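Only one structure is covered here, and it is reproduced in the block below.
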Amino acid sequence: MEFKIKANDESARLGRLLTPHGEVETPVFMPVGTAASVKGVAQDILDDLGVQILLGNTYHLYLRPGIERVRKLGGLHGFMSWNHAILTDSGGFQVFSLNELRKVTEEGVTFRSHLDGSSHFFSAESATEAQIGLGADIIMAFDECTEYPAEPQRVRESMELTLRWAERSKKRFEEHKHDVPWAEVSESGPLDFADRFASESIRSARDDKGLGVGPGELRPSVRTQALFGIVQGGTDPRLRRESAERTIEIGFSGYAIGGLSVGEPRALTREIVESTLEHLPADRPRYLMGVGSPEEIVEYAHLGVDMMDCVLPTRAARHGLLFTSEGKISIKQARYADDAGPLDPICACRVCSRYSRAYLRHLYAANEVLAQVLNTIHNLSFYLDTMRRVRHSIELGRKARSLSEVWSLPEQ
Ligand SMILES: [Zn+2]
């Protein structure tokens with residue numbers, strides 16, 4: 001994996017992430033495809049929306065359909081027919097958020113399946129192997145997501161455990177990274193994603209003198225998965241700093257900020273994100289996990305976060321909550337029953353350009369499957385367009401700092 005910064009606007013960065021399955025422009029919002037599917041939206045529509053990277057959840061895929069099955073079917077890319085980049089989480093967060101009966105030891109976590117109650121075990125090693133089997137372009141070290149609030153002693157111990165697990169994750173990754181489902185294809189050379197991408201990238205690199213990547217330099221680095229480390233440390237800036245420094249010492253291709261958006265006040269989240277970013281290397285991608293609202297993703301992009309993911313746009317859509325340039329809309333409300341206008345007059349998505357608020361309200365009220373599909377497409381489109389506008393603003397040095405400023409920029 002390669003990461004190039006093309007422009008800076010104060011702390012914000014405009015970058016390019018080169019993965020074995022294509023290029024990702026950053027800052028980027030990654031839609032969540034929990035069980036190898038972004039609920040309600042087919043892959044060809046995700047293509048049309050310009051999604052460059054999706055997130056998959058190792059915990060869910062491990063339980064159903066199972067890692068080995070996905071691996072044999074070509075990894076997640078082949079299985080779900082997705083030709084762009086994928087990031088998988090380590091499974092740690094779901095184990096902690098969906099399992100009240102989990103048992104954490106030095107070795108790993110024993111947990112019960114939320115599907116059938118069966119007992120399972122994840123360790124740094126098995127979570128890393130599972131992610132190699134799934135074959136995402138970017139995979140995450142196994143970590144413990146510290147709950148909020150937590151006693152200082154508990155936060156330190158949890159952070160120390162995460163650091164030991166990070167080291168073990170990296171060790172297992174280095175030993176097995178060539179077991180990735182698409183490794184043979186790219187190592188032996190027949191034209192596949194890696195080759196097609198390499199030639200495209202080399203072409204675009206030549207067009208863009210800022211990158212300066214020549215043929216031959218690009219290929220090897222984008223032919224294996226990339227492993228990211230996760231910074232923990234709760235809401236204590238000193239622990240966050242220590243966690244960042246010691247995680248960097250272990251050495252990863254990118255760094256994530258985990259353990260936030262778990263119930264702490266939003267001002268505190270922002271403070272911890274800002275102070276943690278100071279300790280992360282400028283030349284590596286920075287991923288803020290599980291964040292956030294449209295306002296927040298704009299704010300964090302401007303603090304210097306490169307990657308974000310959140311279930312909010314897709315989950316809210318299924319509950320009729322829609323994000324627009326004029327604020328949030330609850331489409332279930334009777335006031336939209338006769339509203340012939342588009343959902344968002346500025347949004348250029350296929351939903352806003354075709355359907356009225358009245359129709360969307362009707363679909364929701366009638367419990368039509370199409371309601372969830374259309375609502376999800378609009379919300380995702382709104383998030384992706386918001387980030388597109390953020391990137392444009394960074395490129396132009398426009399310092400658009402809020403959602404409304406970003407949406408009042410002229411079209412690019
Ligand atoms: Zn729309």
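In the stretch 372-383, is there at least one residue being within 14 Å of the ligand (Cβ to nearest atom) and within 17 Å of residue 26 (Cβ to Cβ)?
yes
Based on this model, can you work out whether residue 335 counts as near the ligand (Cβ under 10 Å from one of its atoms), more than 17 Å from residue 301 (Cβ to Cβ), free of Cβ contacts under 8 Å to residues at least 40 places away in the same chain and charged (D, E, K, R)?
No; evaluated as a whole, the condition is false for this residue.
One line per residue, one yes/no per condition, for (1) hydroxyl-bearing (Ser, Thr, Tyr); (2) in contact with an Asp or Glu (Cβ under 8 Å, 6 or more places away or on another chain); (3) closer than 30 Å to residue 18 by Cβ:
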{"residue": "349", "(1), (2), (3)": "no, yes, yes"}
{"residue": "356", "(1), (2), (3)": "yes, yes, no"}
{"residue": "384", "(1), (2), (3)": "no, no, yes"}
{"residue": "408", "(1), (2), (3)": "yes, no, no"}
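Checking residue 352 against (1) open to solvent by less than 30 Å² (accessible area, probe 1.4 Å); (2) closer than 16 Å to residue 295 by Cβ; (3) over 23 Å from the mean Cα position of the chain (by Cα), which test does it fail?
It is condition (2) that residue 352 fails.
Looking only at the stretch 59-105, count how many residues are under 18 Å from the mean Cα position of the chain (by Cα), open to solvent by 10 Å² or more (accessible area, probe 1.4 Å) and among the small types (Gly, Ala, Ser).
The number of residues fulfilling the criteria is 1.
Go through the stretch 134-153 and report how many residues are open to solvent by 40 Å² or more (accessible area, probe 1.4 Å) and either in contact with a Phe, Trp or Tyr (Cβ under 8 Å, 6 or more places away or on another chain) or more than 15 Å from residue 237 (Cα to Cα) (or both).
1
Could you pull out the residue among 305, 406, 390 that is more than 16 Å from the ligand (Cβ to nearest atom), open to solvent by less than 10 Å² (accessible area, probe 1.4 Å), assigned to a helix (DSSP H, G or I) and under 19 Å from residue 293 (Cα atoms)?
Details: 305 fails: assigned to a helix (DSSP H, G or I); 406 fails: more than 16 Å from the ligand (Cβ to nearest atom).
Just a single option satisfies the conditions, and that option is 390.
Six or more apart or on different chains, Cβ under 6 Å: which pairs go from a residue in the stretch 342-355 that's more than 8 Å from the ligand (Cβ to nearest atom) to one that's in a loop (DSSP other than H, G, I, E, B)? Could you list them?
Here the result reads 346/325, each pair linking the stretch 342-355 to a residue that is in a loop (DSSP other than H, G, I, E, B).
Out of all the residues in the stretch 308-346, which are assigned to a helix (DSSP H, G or I) and open to solvent by less than 50 Å² (accessible area, probe 1.4 Å)?
Matches in the stretch 308-346: 313, 314, 316, 317, 336.
The values are calculated or read from the model by the stated rules, or taken from the named source; none is laboratory data. Computed from a predicted model, the values in this text were never measured in an experiment. When we count neighbours, we look across all protein chains shown, and the Cβ atoms used for this are built from the backbone with ideal geometry, even at glycine. Quick note on the areas: whole protein, heavy atoms, side chains included, nothing else; ligands and nucleic acids left out. Shrake-Rupley method; radii C 1.70, N 1.55, O 1.52, S 1.80 Å.
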